[in-house]
1. Please list, or write none, the lysines whose alpha carbon is within less than 27 Å of the alpha carbon of residue 22, excluding same-chain residues fewer than 8 places away.
2. Would you order 277, 255 from fewest to most other beta-carbon atoms within 10 Å of each residue's own beta-carbon?
3. Measure out, as a whole number of angstrom, how far apart the alpha-carbon centroids of the stretch 109-127 and the stretch 304-342 sit.
4. Tell me, what HN-Hα J-couplings in whole Hz come from the Karplus equation 6.51 cos²θ - 1.76 cosθ + 1.60 at θ = phi - 60° for each residue of the stretch 100-111, using x for Gly and Pro?
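Each value in this text was obtained by applying a stated rule to the coordinates, not by laboratory testing. Model, not experiment: these values are computed from the prediction. Glycine gets a Cβ as well: all are built from the backbone with ideal geometry, and neighbour counts include every protein chain shown.
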Amino acid sequence: MPFVVESLPPCTLEPDRIRAAKLDAEILDLKRSLSTLQAQRELVQERIDSYKYPVLTLPNEIVAEIFGHCLPNYPECPFVDADVSPINLTQICRDWRDIALATPTLWRAMQLYLNLDYPVARQLRDLEVWLSRSGCCPMSVDIVIDARHVECNFSSAHCVRWEVLTVFLPPSCLPITAAAMPLLRQLDLTILQYNLPVYDHTAFSNLTLAGEMPLLRSVILNAFAADSTSNLVSCKLVLLPGGDSTLGNTTLPCLKSLVLTDTERFGNGVTGYLEMLIVPALRELDIVEVFLEYTPIHSLASFISKCGCQLQKVTIGGLRNVSSDAYRTAFPSIEFASGKYD
């Protein structure tokens with residue numbers, strides 16, 4: 001049977017033809033409107049592209065200086081602060097990234113956090129990147145070793161520009177380097193106790209700080225770290241309230257000069273620290289009188305007797321209850337001086 005196509009009468013297609021013509025006209029109008037909008041958009045974009053943000057018109061040297069003032073303790077060797085990192089400056093725009101990467105002073109402080117989840121090799125790579133970006137600038141480095149079985153030994157290339165070093169680590173990780181640190185001037189060493197009894201100092205008796213540090217002038221040690229500094233000759237202890245003075249004796253056989261004070265030299269309620277020290281070689285003592293507690297002359301005599309030291313000069317500072325003449329009468333072989341109140 002043949003296939004038959006039935007055609008509609010022309011009169012039934014007329015409404016569709018009219019509708020199609022209207023749609024074509026509307027499409028043309030929309031194209032014209034779109035073309036007009038696109039032209040206007042291009043003009044607006046040209047104005048935007050031609051605008052220069054004032055901060056981007058500054059010379060790179062000025063921008064770098066502004067960046068530097070965002071760092072803690074600028075222009076001194078900065079403190080490590082994860083919330084104020086130069087990495088943030090590399091994520092704003094390409095210009096700022098280029099300036100930040102080309103400014104060595106921005107990369108003078110970093111932290112290394114080492115545990116079983118952060119392999120040493122990866123952290124050392126980060127350190128090397130930081131060292132390359134910091135150019136020849138001295139560096140402030142925080143090292144936190146949060147695992148007793150992490151093996152870490154920094155090379156001379158890593159340590160040569162360390163100026164300020166803060167270390168938190170278990171005793172098994174000391175020393176972290178045998179390399180010299182020729183620029184190191186400040187060391188803050190905290191030996192983590194973990195589960196060792198607070199009175200068991202034998203676990204720390206063999207600790208040493210390796211490497212030459214000729215410029216080292218300031219050392220902050222916690223009680224366990226202090227036991228590893230048997231060769232200390234001169235020491236200044238600034239005591240803070242709330243410390244634990246019941247950790248047992250600390251022997252410093254080579255110590256010749258000791259300053260025992262607080263931030264204001266008026267005493268801050270801490271007691272018992274002088275009794276912790278055994279310093280047979282001590283020759284000079286500078287102490288706030290309140291640290292000699294209620295009977296200063298008796299406390300000083302007890303300290304001298306316990307240590308077996310031969311003091312030559314004692315400076316008594318802070319608020320005084322005992323006169324210098326009374327001290328001289330009690331200790332005629334010792335030179336006494338009054339300390340400052342500032």
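1. Of all the lysines, those that pass the test against residue 22 - Cα under 27 Å, at least 8 places apart if same chain - are 31.
2. Ranking 277, 255 by Cβ neighbours within 10 Å, fewest first, gives 277, 255.
3. 49 Å
4. 4, 5, 9, 10, x, 5, 6, 10, 8, 9, 8, 10
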